[in-house]
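**Student:** Provided herewith is a single structure, encoded as structure tokens, for subsequent inquiry.
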Amino acid sequence: MQASIATPDEATAIRVAVPAGGLSQDLRAVSIVWRRELIRFWRDKLRMVTSLIQPVLFLFVLGTGLSTLAKHGMPPGVNLRTFLYPGVLAMSALFTALFSAGSIVWDREFGFLREMLVAPVSRGSIVFGKCLGGTTVATLQGLIILLLAGFAGVPYRPTLILALIGELLLLSFTLTAFGVMMAARIQQFQAFMAVTQMLVMPLFFLSGALYPLGGLPTWLTVLTRIDPLTYIVGPMRSVVFNSLNMTQAARHFLSPGVTWDGWLVPVGLSLAIVAVMGAVMALIGVLEFRKSD
């Protein structure tokens with residue numbers, strides 16, 4: 001049997017059907033990438049559990065173990081666990097958001113990222129879908145720590161919980177955007193993990209999560225002010241201690257807020273700084289992805 005050979009006219013008539021790009025396709029891509037992150041997180045039960053170990057250790061083991069040592073410096077009715085709670089809440093989002101962004105490197109190693117990049121959608125939609133997925137996953141992880149608020153002496157007041165959830169969302173988005181920006185050019189998952197481990201703990205310790213920001217040495221004050229986590233831990237601690245019954249002097253001692261050369265940074269400005277940093281890092285991530293092949 002002879003194989004039929006297409007004539008030139010027939011060859012020119014053959015077309016590959018590729019969906020036209022546009023806003024609807026980009027929104028669909030965002031939805032798909034977002035849902036993929038949720039499905040991946042839900043199926044990885046071990047990751048869900050291990051991400052909670054460090055926050056729980058800091059809150060209950062460290063908070064309880066050092067409570068006797070710190071009780072003389074605490075106002076009546078406030079223990080060390082209450083003070084540590086906002087920082088631990090931020091920690092729960094920190095690890096989850098960065099590790100969620102790290103899945104980009106994993107996808108690159110196994111070739112799945114290339115398949116996404118050749119899709120007829122903008123690369124910005126892929127980055128935004130990743131950021132949205134990491135934000136959702138990290139916030140869900142933080143909600144588990146929110147359920148433990150009562151054990152840390154933090155009341156379950158609706159306004160307090162809603163404020164903390166909003167700050168968690170903002171923090172999670174900024175951290176995921178930071179992770180996506182790093183992962184956009186890193187080729188190996190081991191290298192991403194090494195960079196993450198090098199950055200995570202300094203970000204956490206310099207944020208004031210474990211100590212008040214007032215009365216610090218000059219060198220430590222400067223480092224805390226350039227840490228983006230400082231500008232979300234401060235508002236978290238402020239909203240927690242404003243909900244507790246204590247004197248104004250005690251509240252100011254435990255939650256002095258973020259200051260620039262003696263000027264108290266308003267909470268709204270602190271949150272705006274975090275939002276702008278998240279937007280800038282997401283934009284850098286988009287630009288880096290446009291350079292990827």
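The values are calculated or read from the model by the stated rules, or taken from the named source; none is laboratory data. Note that the structure is predicted; figures quoted are calculated from it, not measured. All Cβ positions, glycine included, derive from the backbone under ideal geometry; neighbour counts span all protein chains shown. Accessible surface areas use protein heavy atoms only, side chains included; no ligands, DNA or RNA. Shrake-Rupley method; radii C 1.70, N 1.55, O 1.52, S 1.80 Å.
**Student:** In this structure, is Gly179 open to solvent by less than 10 Å² (accessible area, probe 1.4 Å) and in a helix (DSSP H, G or I)?
**Tutor:** yes
**Student:** Oh, and also: Of the conditions (1) in a helix (DSSP H, G or I); (2) touching a Ser or Thr at 6+ places or on another chain (Cβ under 8 Å); (3) of a type outside the set (A, V, I, L, M), Gly208 clears all except one; give me its number.
**Tutor:** Condition (1) is where Gly208 drops out.
**Student:** Just one of Thr247, Thr218 is within 28 Å of Ile145 (Cα to Cα) and among the polar types (S, T, N, Q); which is it?
**Tutor:** Selected residue: Thr247, the only one of Thr247, Thr218 that is within 28 Å of Ile145 (Cα to Cα) and among the polar types (S, T, N, Q).
**Student:** Let me ask you something else. Please verify whether region 192-204 includes one or more residues that are in contact with a Phe, Trp or Tyr (Cβ under 8 Å, 6 or more places away or on another chain) and over 22 Å from Leu132 (Cβ atoms).
**Tutor:** Scanning region 192-204 turns up no residue that is in contact with a Phe, Trp or Tyr (Cβ under 8 Å, 6 or more places away or on another chain) and over 22 Å from Leu132 (Cβ atoms).
**Student:** Also: Cβ-Cβ under 6 Å, sequence separation 6+ or interchain: first residue in region 235-257 and open to solvent by less than 20 Å² (accessible area, probe 1.4 Å), partner basic (Lys, Arg) and part of a loop (DSSP other than H, G, I, E, B). Which pairs?
**Tutor:** Ser243/Arg157
**Student:** Turning to a different aspect of this structure: Just to be sure, is Phe204 in contact (Cβ under 8 Å) with a residue 24 or more places away in the chain, in contact with a helix residue (DSSP H, G or I) (Cβ under 7 Å, 6 or more places away or on another chain) and open to solvent by 50 Å² or more (accessible area, probe 1.4 Å)?
**Tutor:** Numbers: in contact (Cβ under 8 Å) with a residue 24 or more places away in the chain: yes; in contact with a helix residue (DSSP H, G or I) (Cβ under 7 Å, 6 or more places away or on another chain): yes; open to solvent by 50 Å² or more (accessible area, probe 1.4 Å): no.
The answer is no for Phe204.
**Student:** Within the set of pairs 6 or more residues apart or between chains, which connect a residue that is more than 12 Å from Ser122 (Cβ to Cβ) and modelled with pLDDT under 80 inside region 19-36 to a residue that is of a type in the set (S, T, N, Q) and in a helix (DSSP H, G or I) with Cβ atoms less than 6 Å apart?
**Tutor:** Cβ pairs passing all conditions: none.
**Student:** Scanning for something of a type outside the set (Val, Ile, Thr), surrounded by 23 or more Cβ atoms within 10 Å (Cβ to Cβ) and either at pLDDT 85 or above or touching an Asp or Glu at 6+ places or on another chain (Cβ under 9 Å) (or both), does region 74-83 turn up at least one residue?
**Tutor:** yes
**Student:** Restricting to region 226-259, name every residue that is farther than 19 Å from Val154 by Cβ and of a type in the set (A, V, I, L, M, F, W, C).
**Tutor:** Ile226, Leu229, Ala249, Val258
**Student:** Please pick out the residue among Arg290, Arg225 that is of a type outside the set (S, T, N, Q) and in contact with a Lys or Arg (Cβ under 8 Å, 6 or more places away or on another chain).
**Tutor:** Answer to the check: Arg290.
**Student:** What tally of residues in region 211-228 results from selecting those that are surrounded by 18 or more Cβ atoms within 10 Å (Cβ to Cβ) and among the hydrophobic types (A, V, I, L, M, F, W, C)?
**Tutor:** 1
**Student:** State yes or no: is Leu220 more than 30 Å from Arg108 (Cα to Cα), out of contact with any Asp or Glu (no Cβ under 8 Å at 6 or more places or on another chain) and either aliphatic (A, V, I, L, M) or in a loop (DSSP other than H, G, I, E, B) (or both)? Outline the logic, then answer.
**Tutor:** Numbers: more than 30 Å from Arg108 (Cα to Cα): yes; out of contact with any Asp or Glu (no Cβ under 8 Å at 6 or more places or on another chain): yes; either aliphatic (A, V, I, L, M) or in a loop (DSSP other than H, G, I, E, B) (or both): yes.
So Leu220 fits the description; yes.
**Student:** Scanning for something among the charged types (D, E, K, R), crowded, with 18+ Cβ neighbours inside 10 Å and over 12 Å from Leu89 (Cβ atoms), does region 130-147 turn up at least one residue?
**Tutor:** Within region 130-147, one or more residues are among the charged types (D, E, K, R), crowded, with 18+ Cβ neighbours inside 10 Å and over 12 Å from Leu89 (Cβ atoms).
**Student:** Let me ask something else. Consider region 258-293. How many of its residues are surrounded by fewer than 17 Cβ atoms within 10 Å (Cβ to Cβ) and in a loop (DSSP other than H, G, I, E, B)?
**Tutor:** Here the count works out to 5.
**Student:** Out of Phe41, Phe58, which single residue is open to solvent by 30 Å² or more (accessible area, probe 1.4 Å) and not hydroxyl-bearing (Ser, Thr, Tyr)?
**Tutor:** Phe58
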